[in-house]
Amino acid sequence: MNSTIRDVLAKFGQLPVAVDTLADDADLYAAGLSSFASVQLMLGLEEAFDIEFPDSMLNRKSFASIAAIETTVKAILDGKEAA
């Protein structure tokens, strides 16, 4: 999952730094993630994992780091399987 998230981030995040240089807990907004890029990232993640982000998870905290994205995606997938 982590490598898929990193691939999607590299493709849609428009970061000025290489994604493979970022720690899992690095602040993506401090690394250059813009609001527009975060929306593109969300759409890319939805496609990659066949999920839909609920409105309650569409916030800065959910996309703050690779680790936060992974936690958010896992929560959505766990909820999807339970539904």
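General observations
- Residue count for segment 47-59, restricted to those that are of a type outside the set (Asp, Glu), open to solvent by 40 Å² or more (accessible area, probe 1.4 Å) and out of contact with any Ser or Thr (no Cβ under 8 Å at 6 or more places or on another chain): 4
- Segment 32-66: number of residues that are modelled with pLDDT of 95 or more, outside any helix (DSSP H, G or I), closer than 24 Å to residue 16 by Cβ and not small (Gly, Ala, Ser): 1
- Criterion: of a type in the set (D, E, K, R), assigned to a loop (DSSP other than H, G, I, E, B) and surrounded by 12 or more Cβ atoms within 10 Å (Cβ to Cβ) - qualifying residue of 27, 7: 27
- The residue pairs whose first member lies in segment 31-58 and is among the polar types (S, T, N, Q), whose second member is open to solvent by 40 Å² or more (accessible area, probe 1.4 Å) and assigned to a helix (DSSP H, G or I), and whose beta carbons are closer than 7 Å, counting only pairs six or more residues apart or on different chains, are 40/12.
The values are calculated or read from the model by the stated rules, or taken from the named source; none is laboratory data. Here the structure is a predicted model, which means the values were calculated and not measured. For neighbour counting, all protein chains shown are included, and Cβ atoms are generated from backbone atoms with ideal geometry for every residue, glycine included. Just so you know, the surface numbers come from the protein's heavy atoms only, side chains and all, with ligands and any DNA or RNA stripped out. Shrake-Rupley method; radii C 1.70, N 1.55, O 1.52, S 1.80 Å.
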